[in-house]
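What follows is a single structure, written as structure tokens, with notes after it.
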Amino acid sequence: MDEKPPSSAPWDAFGTYLRNQRQLAQLSLRQLADLTKVSNPYLSQIERGLHQPSIAIIKSLAEALHLSTSDLLAQAADIAADEQPTTSTEGAIRNDPLLNEAQRNALLAVYRSMVDSAPDAPDAAAGPTAPPPDIDRPPKRPPAARTRSQSPPNSTSATDPRKT
């Protein structure tokens, strides 16, 4: 039986985080091992907080799980970034506490299908892009021009029989 090192609390937290991210990505331990080229037993030990992964393994895990390497390293080191973290869209969906697992999986599937099918996906290094147009409302149209013979709505004319 494996014994946990005395100061394993950060690794327990990282292992739990890693397991949750793997499950959100709908990967088995064996599938993640294949993607990262790390042995299945070693990944299991990391998830159980028994081993401290190297930076190379953390980088490989981040790539396989589509997470930011710096965010995963910060999680492994049990540190909070002083500045506002840059979170990927997938990471934000995965970490949203208001979503249940089924909702996260559905959003991730839709997001990935849209990104994968985008003809000209913007380059992340290019910086922020203009926000998308508001698709909830139809485009505004100028009001139709009135002719002199048309009267405004709800108006009464001088020849209106109700006026007399």
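No value in this document is a laboratory result; all are computed from the given coordinates. Remember, it's a predicted structure, so these values are computed and weren't measured experimentally. As a convention, Cβ positions derive from the backbone with ideal geometry for all residues, glycine included, and neighbour counts pool all protein chains shown.
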Could you pull out every residue, at least 5 positions away or on a different chain, whose amide H is within less than 5 Å of the one on Arg48? Hs are placed 1.01 Å off N in the peptide plane, and Pro or chain starts have none. none
Given Cα positions, please report Rg to Rh for the range 17-117, the hydrodynamic radius being the Kirkwood one. 0.96
Local electrostatic count, Leu108, Cβ distance below 10 Å [Lys/Arg +1, Asp/Glu -1]: +2
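At 0.36 nm per residue, minus the direct Cα-Cα distance, what do Ala74 and Gln23 gain on full extension? Give it in nm, one decimal, please.
Value of the extension gain: 16.4 nm.
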Please give me the summed charge of the neighbours of Leu43: other residues whose Cβ is under 13 Å from its Cβ, Lys and Arg +1, Asp and Glu -1. +3
Report the local net charge at Gln23: Lys and Arg +1, Asp and Glu -1, summed over other residues whose C-beta lies under 11 Å from its C-beta. +2
